[in-house]
1. Of the residues 48, 54, which is closer than 19 Å to residue 239 by Cα and surrounded by 17 or more Cβ atoms within 10 Å (Cβ to Cβ)?
2. Looking at 76, 110, 128, 145 in this structure, which one is in a helix (DSSP H, G or I), under 17 Å from the mean Cα position of the chain (by Cα), crowded, with 16+ Cβ neighbours inside 10 Å and free of Cβ contacts under 8 Å to residues at least 60 places away in the same chain?
3. Which count do you get for residues in the stretch 52-64 that are modelled with pLDDT under 90 and either closer than 17 Å to residue 243 by Cβ or in a helix (DSSP H, G or I) (or both)?
4. Looking for whichever is under 16 Å from residue 55 (Cα atoms), buried (at least 16 other Cβ atoms within 10 Å of the Cβ), in contact with a strand residue (DSSP E or B) (Cβ under 9 Å, 6 or more places away or on another chain) and free of Cβ contacts under 8 Å to residues at least 60 places away in the same chain here; the options are 140, 167. Which one fits?
5. What's the number of the only condition in (1) surrounded by fewer than 20 Cβ atoms within 10 Å (Cβ to Cβ); (2) touching a helix residue (DSSP H, G or I) at 6+ places or on another chain (Cβ under 9 Å); (3) assigned to a helix (DSSP H, G or I) that residue 176 fails to meet?
6. In the stretch 79-107, which residues are under 18 Å from residue 159 (Cβ atoms) and in a strand (DSSP E or B)?
7. When you scan the stretch 246-253, do you find a residue that is at positive phi and at pLDDT below 90, even just one?
C-alpha cells in the first residue's frame with residue numbers, strides 16, 4: 001500500500017525545513033526502515049545505498065539541467081543534509097549519480113562514493129559540478145531503472161536500505177514498459193522514489209503530459225516508504241531536490257497524519273508516453 005499526504009504537509013521535523021514544495025507522497029511509517037542486506041560480502045555498513053538517476057533528455061532545457069546539477073551539489077553540502085546524515089545508525093551513506101535519456105543511454109557521473117561528513121560531501125558535490133552538461137534524445141525511465149539495479153551489486157558498501165531516486169520531466173517513451181522495470185526492482189527489495197519536474201506547460205514538441213506527478217506516483221515509484229516530491233515552480237527546483245535527499249537520507253516521516261489510499265487503477269495510463277510517441281511519429 002502506498003500512502004500520500006496532502007500538499008503543504010510538514011516533511012520532516014526540526015532542521016529539515018523543506019519549504020512549500022508542491023506534491024509530496026509520504027513514506028509508510030510501518031516500513032520506513034526498508035530492507036536489510038546483511039549478506040553482502042564486502043564493504044563497511046552505511047545507512048542507505050542511494051542511486052541518483054537524473055534525466056538529461058532534450059525536453060529539459062539547458063537552464064533546467066544547470067539548476068538540477070547545482071541543486072544536487074548544493075543539497076549534498078547543505079547543513080540540513082549533513083545533519084540528516086548523522087541521524088542514521090551508521091552516520092554515512094553511499095551515493096552514485098548517473099544521467100539517462102534513451103534506453104541505451106546512461107552515463108555514470110559519480111561512481112559509488114561514501115559520504116560521511118563535510119569533506120566527502122564536498123568532494124562529491126565538486127565532481128557533480130565539474131562534469132560538462134549534456135543533453136540526449138528520448139526518455140526511458142525503464143532503461144534508467146534497469147541500469148540502476150546491477151549498480152547495487154557493484155557497490156563496495158553495505159546498506160540498510162537500497163533506493164533509486166529518479167528525476168524526470170516526462171513519461172517513459174522508449175525501451176521496455178516502466179511498470180515492468182519498477183516491479184523488477186521492487187522484487188529485489190529496492191525502493192524507487194521520484195522527482196517529477198513540471199515547471200513548463202505541456203508541449204507537443206517536448207512530450208510533456210498533464211499530471212506527471214500522478215504518473216510517477218502510480219507507474220514509477222514503489223517499495224516501502226516510497227514517495228514523490230513534485231517540482232511545479234522553477235524557483236523551488238533546488239529546494240525540492242534538497243527536501244527529497246533529506247527524506248531519503250534520514251528515512252523520516254511527516255509529523256502530520258497521513259491517509260492511506262486504496263489500491264486502484266493508475267490515474268494516468270502507464271503507457272501514455274509510448275502512445276504519444278507512436279501517434280506522433282509512428283515508430
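1. 54
2. After ruling out the rest, the residue left standing is 128.
3. Residues in the stretch 52-64 being modelled with pLDDT under 90 and either closer than 17 Å to residue 243 by Cβ or in a helix (DSSP H, G or I) (or both): 3 in total.
4. 140
5. Of (1) surrounded by fewer than 20 Cβ atoms within 10 Å (Cβ to Cβ); (2) touching a helix residue (DSSP H, G or I) at 6+ places or on another chain (Cβ under 9 Å); (3) assigned to a helix (DSSP H, G or I), only one is false for residue 176: (3).
6. Matches in the stretch 79-107: 93, 94, 95, 96, 97, 98.
7. Yes, some residue in the stretch 246-253 is at positive phi and at pLDDT below 90.
The values are calculated or read from the model by the stated rules, or taken from the named source; none is laboratory data. No experiment lies behind these values; they were computed from the predicted model shown. As a convention, Cβ positions derive from the backbone with ideal geometry for all residues, glycine included, and neighbour counts pool all protein chains shown.
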